[in-house]
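Below is one structure, written out as structure tokens; comments come after it.
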Amino acid sequence: MSKIVPPRTYRVKSFGCQMNVYDGERMAELLGAQGIAPALEGEAADLVVLNTCHIREKAAEKVYSDIGRIVKDAARGDGAIPLIAVAGCVAQAEGEEIMARAPAVKLVVGPQAYHRLPQMLARAIDGERVTDTDMPAETKFDALPARRKVGPSAFLTVQEGCDKFCTYCVVPYTRGAEVSRPFADLIAEANRLVDAGAREITLLGQNVNAWTGENGKGRLIGLDGLIRELTALPDLARLRYTTSHPTDMTDGLIAAHGEIEKLMPFLHLPVQSGSDRVLRAMNRSHTSESYLRILERVRAARRDIALSGDFIVGFPGETDAEFEETLSLVDAVGYAQCFSFKYSARPGTPAADMDGQIATEVMDERLRRLQTALDRDQLAFNRATVGKTCEVLVEREGRHPGQMLGKSPWLQSVHFTGKAGIGDMVQVELAEAGPNSIGARLLEIIAV
Ligand code: 5AD
Ligand code: SF4
């Protein structure tokens, strides 16, 4: 075993969902607490963490090509290959294979084990190649350092894992069973986020609306109860949550959208397909009808709510007629924005072995048609908000001089020119709708 020079700088590259972004931030904090500094833009890092996503195709191939690129870049520079760590869901699913195939990788760490990164790193520096993909009973969150510096809009993971076992999905295998973080821990972390500058918190979970816990009075509450408790933080202006499952849209959570001002009028509720036969084959436990009923009730609670969803086209056996049912559902909803994907067979999931796998060209065509419909609705939604006055939380500077960027209550990207700082809450008039953003006129700065 040959020893490695202890890294002085790190870079964490996160792929995939917002939960990975959150995990990436926590890993960065953990490395920072070890005295390792973030590498500057354009500078080679001594330690590179690839925080990977396994949800769709080519994830593993992408990891190998990233590793290849890091090694090649090193050869062009001073020749020193950085210490490469593979984290996230590809690490969980294919850790052993990565170790066997990529000698440059010294460390493989799963999403439930990254709190042990410092100890693993010490062993890697000693020359060992270390893998930890355990799903320990103790939670990693207790072992992570406190949050110190965050932007105006911060993520807070409240729930992890999934028990739903949709037949196409790897998450129940890579992230494990549904676990809710304890109430007190979440209140403490939310307080620290707000102290560190957050004005908006997005509560995260693979099934965030399945969160349950005991509040300070020992009463069992759901996500709506947690949101209500968090509204008590005076400096916290906005709350959001993602991603939800239709089955866990409780009456309380639906009502919360009409009752809690700080809860932003946006709901991401994946449906995946408009065909009941496909939904059954996906093991989705809802029908297109029951899904539409939920959305109706949410809209009744909060008239202006912006709706979002996820779709998969080309699930095994999906016929043209079944795909048309998806298009009909899209027409019926009128989404503000959506994510849509071609079905990707994930090894080890039930759908990967189903008959009727769909040809790529057919999937391409269906995705194109679906995205045309979704783009049309997104633009229509944006256009319908023109002329409205709303609050925008300023998150960063834009590309043009004096331009600032932030989000509307409906999660639209808003840009305007004016003297406002990052973290300010400003009032704007939405003026010009594009497909992916809205131009606005600054009216006043409400809070700094
Ligand atoms: N193929 C394509 N899309 C998938 N998703 C999850 N698994 C797959 C898969 N095997 C999509 C779903 C989910 C989103 C996060 O990713 O739409 O809601
Ligand atoms: Fe995957 Fe379904 Fe769980 Fe979502 S609900 S994480 S799609 S298994």
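What number of residues within region 176-218 are of a type in the set (A, V, I, L, M, F, W, C), touching a strand residue (DSSP E or B) at 6+ places or on another chain (Cβ under 8 Å) and under 20 Å from Gly252 (Cβ atoms)?
9
I'd like the full set of residues that are of a type outside the set (A, V, I, L, M, F, W, C), away from ligand 2 (no atom under 16 Å from the Cβ) and assigned to a loop (DSSP other than H, G, I, E, B), limited to region 155-201.
Arg181, Pro182, Gly197, Arg199 - these are the residues of region 155-201 that are of a type outside the set (A, V, I, L, M, F, W, C), away from ligand 2 (no atom under 16 Å from the Cβ) and assigned to a loop (DSSP other than H, G, I, E, B).
For region 274-295, name all the residues that are surrounded by 21 or more Cβ atoms within 10 Å (Cβ to Cβ), assigned to a loop (DSSP other than H, G, I, E, B) and away from ligand 2 (no atom under 12 Å from the Cβ).
Selection gives Gly274, Ser275.
Consider region 412-427. How many of its residues are closer than 30 Å to Thr372 by Cβ and either buried (at least 18 other Cβ atoms within 10 Å of the Cβ) or of a type in the set (Asp, Glu) (or both)?
4
Mind checking which pairs have a first residue in region 341-369 that is on the phi > 0 side of the Ramachandran plot and a second that is within 10 Å of ligand 1 (Cβ to nearest atom), Cβ under 8 Å, 6 or more apart or different chains?
Pairs that qualify, where the first residue is on the phi > 0 side of the Ramachandran plot and the partner is within 10 Å of ligand 1 (Cβ to nearest atom), are Gly348/Val170.
Restricting to region 13-44, count the residues that are closer than 23 Å to Arg129 by Cβ, among the aliphatic types (A, V, I, L, M) and without any contact (Cβ under 8 Å) to a residue 60 or more places away in the chain.
4
Can you tell which of Glu395, Glu432 is acidic (Asp, Glu) and under 25 Å from the mean Cα position of the chain (by Cα)?
Details: Glu432 fails: under 25 Å from the mean Cα position of the chain (by Cα).
Result: Glu395 is the single residue among Glu395, Glu432 that is acidic (Asp, Glu) and under 25 Å from the mean Cα position of the chain (by Cα).
Could you list all residues from region 327-373 that are surrounded by 18 or more Cβ atoms within 10 Å (Cβ to Cβ), part of a helix (DSSP H, G or I) and either touching a Phe, Trp or Tyr at 6+ places or on another chain (Cβ under 7 Å) or not aliphatic (A, V, I, L, M) (or both)?
Ala351, Met363, Arg366, Leu370
Among the residues of region 300-312, which ones are away from ligand 2 (no atom under 15 Å from the Cβ), outside any loop (DSSP other than H, G, I, E, B) and surrounded by 18 or more Cβ atoms within 10 Å (Cβ to Cβ)?
Ala306, Leu307
I'm told Val386 meets every condition in (1) away from ligand 1 (no atom under 15 Å from the Cβ); (2) in a helix (DSSP H, G or I); (3) β-branched (Val, Ile, Thr); (4) touching a residue at least 40 places away in the same chain (Cβ under 8 Å) except one. Can you identify the failing condition by its number?
The failed condition is (2).
Against the definition (within 16 Å of ligand 1 (Cβ to nearest atom) and crowded, with 18+ Cβ neighbours inside 10 Å), how does Gly88 come out, yes or no?
For Gly88, the condition - within 16 Å of ligand 1 (Cβ to nearest atom) and crowded, with 18+ Cβ neighbours inside 10 Å - is met.
I'm trying to understand the selection: among the residues of region 259-273, which are closer than 29 Å to Leu327 by Cα and either within 16 Å of ligand 2 (Cβ to nearest atom) or over 21 Å from the mean Cα position of the chain (by Cα) (or both)?
Within region 259-273, Leu267, His268, Leu269, Pro270, Val271, Gln272, Ser273 meet the criteria.
Only one of these is farther than 19 Å from Thr174 by Cβ and basic (Lys, Arg): Arg116, Arg123, Arg101. Name it.
Arg123
Would you mind telling me which numbered condition in (1) more than 16 Å from ligand 1 (Cβ to nearest atom); (2) on the phi > 0 side of the Ramachandran plot Ser285 fails?
It fails just one condition, (1).
Here is a yes/no grid of residues against (1) modelled with pLDDT of 95 or more; (2) buried (at least 20 other Cβ atoms within 10 Å of the Cβ); (3) farther than 20 Å from Arg123 by Cβ:
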residue: Gln34; (1), (2), (3): no, no, no
residue: Ala39; (1), (2), (3): yes, no, yes
residue: Ala44; (1), (2), (3): no, no, yes
residue: His54; (1), (2), (3): no, yes, yes
residue: Glu57; (1), (2), (3): no, no, yes
residue: Val71; (1), (2), (3): no, no, yes
residue: Asp78; (1), (2), (3): no, no, yes
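List the helices (runs of 4 or more DSSP H) inside region 45-143, counting only whole elements, that have at least 1 residues being touching a residue at least 24 places away in the same chain (Cβ under 8 Å), closer than 22 Å to Phe15 by Cβ and among the charged types (D, E, K, R).
59-76, 88-101
Which count do you get for residues in region 399-448 that are in contact with a Ser or Thr (Cβ under 8 Å, 6 or more places away or on another chain) and not in a strand (DSSP E or B)?
Residues that pass the stated criteria total 8.
Can you pull out every residue in region 124-146 that is at pLDDT 85 or above, surrounded by fewer than 15 Cβ atoms within 10 Å (Cβ to Cβ) and not charged (D, E, K, R)?
Gly127
Residues being surrounded by 18 or more Cβ atoms within 10 Å (Cβ to Cβ) and among the polar types (S, T, N, Q): count how many of those fall in region 313-326.
Result for region 313-326: 1.
Between Arg101, Arg123, Arg116, which is over 30 Å from Thr231 (Cα atoms), more than 16 Å from ligand 1 (Cβ to nearest atom), in contact with a Pro (Cβ under 9 Å, 6 or more places away or on another chain) and charged (D, E, K, R)? Full working, then the answer.
Values: Arg101 fails: in contact with a Pro (Cβ under 9 Å, 6 or more places away or on another chain); Arg123 fails: in contact with a Pro (Cβ under 9 Å, 6 or more places away or on another chain).
Residue meeting the stated conditions: Arg116.
For region 435-444, what are the residues that are within 27 Å of the chain's Cα centre (by Cα) and either hydroxyl-bearing (Ser, Thr, Tyr) or loosely packed, with under 14 Cβ neighbours inside 10 Å (or both)?
Passing the criteria: Pro435, Asn436, Ser437.
The values are calculated or read from the model by the stated rules, or taken from the named source; none is laboratory data. All values reported here derive from a predicted model rather than from experimental measurement. With ideal geometry, Cβ positions are generated from the backbone for all residues, glycine too; neighbour counts draw on all protein chains shown.
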